[in-house]
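Notes follow the structure.
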Amino acid sequence: MRIVITGASSGIGDALARHYAAGDVVLGLISRRKAEGKGLPGQVVSYAADVTDERALAAAAEDFIRRFGAPDLVIANAGIASGTEGADLGDIAKLRKVLDVNVAGLAATLAAFAPAMRAAGRGTLAGIASVAGFRGLAGNGAYCASKSAAIT
Ligand SMILES: NC(=O)c1ccc[n+]([C@@H]2O[C@H](COP(=O)([O-])OP(=O)(O)OC[C@H]3O[C@@H](n4cnc5c(N)ncnc54)[C@H](OP(=O)(O)O)[C@@H]3O)[C@@H](O)[C@H]2O)c1
């Protein structure tokens, strides 16, 4: 099985990598900080890429697919949280950044791998959203909006 996970250098992505790692599994791990082998079973390849950088994502996807074939599962997990009260003009810059990573970055991750998976006729695309996308959290407008968009 071939599995790609973004945001695997910490938190939920790291936990997912540890969950899926097995002797017959190839893991492709993508984050800005390179997630090294972690001493996991199976084969682990790490890419240092920002999900807002489509060229870096495309290069990682091309390398993974050339070496191992189309993934069976891609988990677009990389995300950031940022509070935005809406009272500060600086919040607009934060809003743009959060939407860029959590929405465009998620879509770009899935788009980088989807053509090869479609050609192979198999595979699952998954995106990590949040309960914050279903109900608002006071002071976290940007994050909630980004997760609503991810769900949609
Ligand atoms: N923790 C929660 O309670 C919770 C609840 C619901 C949903 N979520 C969602 O679950 C996902 C993971 O959250 P987490 O709590 O595990 O967060 P985390 O510990 O902060 O990990 C975020 C991961 O995303 C990577 N990342 C951030 N920006 C990136 C970028 N521009 N390009 C590539 N990688 C990037 C980080 O690695 P680098 O810094 O090395 O790039 C890190 O590996 C997020 O989408 C989050 O919104 C979390």
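Please give the length that would be gained between Arg118 and Phe68 if that part of the chain were fully extended, namely 0.36 nm times their separation in residues minus their C-alpha to C-alpha distance (nm, one decimal).
Numbers: separation 50, 0.36 × 50 = 18.00 nm, distance 1.56 nm.
Contour length minus Cα-Cα distance gives 16.4 nm.
Carbon and sulfur atoms: what percent of the 1.4 Å accessible area of the range 55-114 do they account for? Don't jump to the answer; show the numbers that get you there.
Numbers: 1710 of 2920 Å².
Looking at the range 55-114 in its full context, I get 58 percent from C and S.
Just want to confirm a number: the relative contact order over the chain, from Cα pairs under 8 angstrom separated by 6+ residues, in percent.
On the way: 292 pairs, mean separation 33.6, N = 152.
Across the chain, relative contact order equals 22 percent.
Place a +1 charge on the Cβ of each Lys and Arg in the range 2-151 and a -1 charge on the Cβ of each Asp and Glu, then give the dipole magnitude about the Cα centre in debye, rounded to the nearest 20.
Working: 16 positive and 13 negative charges, 50 e Å.
For this selection, approximately 240 debye.
Could you rank the peptides 79-90, 94-105 by their average count of other C-beta atoms within 10 Å per residue, with the highest value first?
Numbers: 79-90: 13.5, 94-105: 18.8.
Highest-to-lowest ranking by the protection proxy: 94-105, 79-90.
Take every Cα-Cα distance within the chain, group them into 5 Å bins from 0 onward, and report for each bin the whole-number percent of pairs it holds.
It works out to 2, 10, 19, 21, 19, 13, 8, 5, 2, 1, 0, in whole percents.
On a C-alpha basis, how far is the centre of the range 6-64 from the centre of the range 112-141 in Å? Whole number, if you could?
The range 6-64 and the range 112-141 have Cα centres spaced 16 Å from each other.
Between Arg135 and Asp88, 0.36 nm times their residue separation minus their Cα-Cα distance comes to what?
Details: separation 47, 0.36 × 47 = 16.92 nm, distance 2.25 nm.
Full extension of this stretch gives 14.7 nm more.
Mind checking which aspartates and glutamates have their C-alpha under 13 Å from Lys38, skipping anything on the same chain fewer than 8 residues away?
Correct list for Lys38: Asp14.
For the chain, report the accessible area per residue in Å² (1.4 Å probe, heavy atoms, rounded to an integer).
On the way: 7730 Å² over 152 residues.
Result: 51 Å² of accessible area for each residue.
Within straight cross-link reach of Lys94, meaning Cα distance under 24 Å, which lysines are found once same-chain residues fewer than 8 apart are removed?
Hits, sequence-local ones excluded: Lys147.
Please list the non-local residues whose amide H lies under 5 Å from the amide H of Val4, H modeled 1.01 Å from N, same-chain partners needing a gap of 5 or more.
Those lying under 5 Å, H to H, from Val4 are Gly28, Leu73, Val74, Ile75.
The values are calculated or read from the model by the stated rules, or taken from the named source; none is laboratory data. Note that the structure is a prediction, hence the values are computed from the model and not measured. Note that we place each Cβ from the backbone using ideal geometry, even for glycine, and neighbour counts take in every protein chain shown. Note: accessible area is taken over every heavy atom of the protein model, side chains too, but ligands, DNA and RNA are not part of it. Shrake-Rupley method; radii C 1.70, N 1.55, O 1.52, S 1.80 Å.
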